[in-house]
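Please read the structure below before turning to the comments.
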Amino acid sequence: MNEKEAVEYYHSLQQFGINPGLERISALCEKLGNPQNELKFVHIAGTNGKGSTCTEIASVLTQAGYRTGLYTSPYVVDFRERIKLDGEMIAPEQLAQVTEIVRDKVNELNSQGIYPTEFEVITAAAFLYYRQSGCDIVVLETGLGGRFDATNIINSPLCVVLVSISLDHTKVLGESVSEIAYEKCGIIKDSCSVVTSASQQTQALSVIKETACNKNASLYITDEARMFSVLSADISGSLVEYKGQKIKIPFCGEHQLQNAALAIMASEILSENGFAISIQQIKDGIEKASIAARTEVLSKAPLVLLDGSHNEGSTAALAGVLEKYCKNRRLLAVMGMMADKDCSVALKNLLPFFTKVIAVTPSNPRAMKASDFSALVEQHGVPCDAVDNPCEGVKYAFSQLTDFDGLVICGSLYLSSDVREITLKIIGEKMKP
C-alpha cells in the first residue's frame, strides 16, 4: 500500500457517513491493542476555533521540547495534515504502514457485521501512529460533537478545552445552543481540568459549569480582556502583552484572542501537571503557530483573504474582521457552501461587506450548486455570477479584481481546499517583476 492507496481507502469508507456511538471505535481500538490508553491527551471540542486553538497548544508543547501529536480535521490541501507530529505531517510511508494494519482489523470487524466509519478508522490509525512514535502528548480535536465522537474513546485527558459553541450540525447535535453544549461537554471526564472562555454564549457556559461540577472537574474560565494588553492589531494578527512578554498572535480577529487565551491557559495547566513549559516557550509556540484558511491573508497587495467560515459563529467572526479592517472597501467574494449549512445566516452576516459575489460549487457531494447559491445571494440585492468550478471561479475573480479593493474567498473549508493552491499560484504570478 502507498500513500495514494491509503487515502483512497479512507475515502471509500464515506458510505457509512456519520453514525454516532463509541461501539465501533471501541471494537477497532481493542483489536489494535488500545493504543489510546498508552497516550496522554489535551482534548478539544466546540463549534468554532478548534483548529486554531489545537495548533497553538501543539506548537507550544513542541517548543517546550515534547514529542507532540496533533490530530485535526478536516484537511485543507493534503490529507496528511490531519495527523501531525512535532509540526510535521505524517510521512507518506508511515501513513501507508499504519493504514495497512488498521485496514486488516477493519476487515475482521466487517466480517462480524461491524462497520467503522471513515472518521473512526482515521482516528484509530492516528492513535496507532502516535503510540508507535512515542508521543509525550497528543492534542486531539473532536470531529463532531463530543459525547459520541470517536475521539472520546480516550481515558481522562490532562486537559479539556471547550472553544466557542454555537449552532451547527443541528440535525445531529440538537436544535439549541444548550443541547449542542451538552454534547460537546461529553468529553469532560471525572476530575479533569477544563478550560473555556468567558465569551461563551450564556446557555453554553451554564451547561459547561454544570457538567464540570457534576464531574468534579476543575473549571478555568479565561477572559482575554483581562489576560492580555493589546498593543496593536491589524489584518495579519495582534500584538499582546502577557506576563511581561510581548506575543504576536499570528491569526486575525478578536475571536483569535479568545482562542489564544484558551491555548495559553491550557499550557499553564499542563505546566502545573508535570510538563515544564516556560513563558518564553509559550510565546514562541503561539508566534510559530500556523494553520490554513482561518482568516488567512494570502496577499496584502492585492488583499486576498481565505477563510473556511461556514456557520453562524464563524461567519460572524469573519464579519467582525471585515468590519474592523475592510470597512468601506469594495470587496469581491468567491463563495460556496454546503447545502446542509444555514446559508441564510451566513449570507446575512457577510453580504453587507461584499460589492459582488462569484458563487461556486465546492467539491463535495453536499455542496450547494453555484446557480442555487447565486439565486440566494441575489435575493439580498448583491450582484452574483455563478461559476460552477471553484478554480475557474477564482481565476474569474482575479480577472475582475482591478475593479475592487480586495478578494475574500469563504463559505467552506472544502472550498478552501479546492482553491488555496491555485490562488497562491495566481498571486505568485501577478507579483513577478
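The values are calculated or read from the model by the stated rules, or taken from the named source; none is laboratory data. Because the structure is predicted, anything quoted here is derived from the model rather than measured. So basically every Cβ, Gly included, is an ideal-geometry build from the backbone, and we count neighbours across all protein chains shown.
Anything in region 178-201 that is surrounded by 24 or more Cβ atoms within 10 Å (Cβ to Cβ) and out of contact with any strand residue (DSSP E or B) (no Cβ under 9 Å at 6 or more places or on another chain)? List them, or say none. Result: I180, single match.
Restricting A319, A293, A276 to those that are closer than 23 Å to I57 by Cα and modelled with pLDDT of 95 or more reduces the list to A276. Residues in region 202-221: is at least one closer than 15 Å to H255 by Cα and in the same structural domain as K50 (by TED's automatic domain parsing)? Scanning region 202-221 turns up no residue that is closer than 15 Å to H255 by Cα and in the same structural domain as K50 (by TED's automatic domain parsing).
Got a sec? Which of I208, I221 is part of a strand (DSSP E or B) and either without any contact (Cβ under 8 Å) to a residue 60 or more places away in the chain or more than 30 Å from K327 (Cα to Cα) (or both)? First the steps, then the outcome.
Numbers: I208 fails: part of a strand (DSSP E or B).
Criteria check complete, one pass: I221.
Can you name the number of the only condition in (1) at pLDDT 95 or above; (2) more than 16 Å from L332 (Cβ to Cβ); (3) in contact with a strand residue (DSSP E or B) (Cβ under 9 Å, 6 or more places away or on another chain); (4) among the polar types (S, T, N, Q) that N364 fails? With (1) at pLDDT 95 or above; (2) more than 16 Å from L332 (Cβ to Cβ); (3) in contact with a strand residue (DSSP E or B) (Cβ under 9 Å, 6 or more places away or on another chain); (4) among the polar types (S, T, N, Q) applied to N364, the lone miss is (1). So, in region 97-146, of the ones that are out of contact with any strand residue (DSSP E or B) (no Cβ under 7 Å at 6 or more places or on another chain) and hydroxyl-bearing (S, T, Y), which residue ends up surrounded by the most Cβ atoms within 10 Å (Cβ to Cβ)? Among residues in region 97-146 that are out of contact with any strand residue (DSSP E or B) (no Cβ under 7 Å at 6 or more places or on another chain) and hydroxyl-bearing (S, T, Y), the one surrounded by the most Cβ atoms within 10 Å (Cβ to Cβ) is T123.
Can you find a residue that is charged (D, E, K, R) and under 23 Å from E421 (Cβ atoms) anywhere in region 340-361? No: region 340-361 contains no residue that is charged (D, E, K, R) and under 23 Å from E421 (Cβ atoms). The set of residues in region 296-320 being under 20 Å from Q201 (Cβ atoms) and crowded, with 17+ Cβ neighbours inside 10 Å consists of S309, H310, N311, E312, G313, S314, T315, A316, A317, L318, A319. Of the residues that make up region 234-251, is at least one modelled with pLDDT under 95, part of a helix (DSSP H, G or I) and either under 17 Å from L162 (Cα atoms) or among the aliphatic types (A, V, I, L, M) (or both)? No, there is no match, as no residue in region 234-251 is modelled with pLDDT under 95, part of a helix (DSSP H, G or I) and either under 17 Å from L162 (Cα atoms) or among the aliphatic types (A, V, I, L, M) (or both). For region 347-433, no strands (runs of 3 or more DSSP E) sit wholly inside it while including 2 or more residues that are surrounded by 15 or more Cβ atoms within 10 Å (Cβ to Cβ) and free of Cβ contacts under 8 Å to residues at least 12 places away in the same chain.
Is it true that K184 is assigned to a strand (DSSP E or B), in contact with a Leu (Cβ under 7 Å, 6 or more places away or on another chain) and among the basic types (K, R)?
No; evaluated as a whole, the condition is false for this residue.
Against the test of being surrounded by fewer than 17 Cβ atoms within 10 Å (Cβ to Cβ) and not acidic (D, E), the options N216, N259 yield a single qualifying residue, N216.
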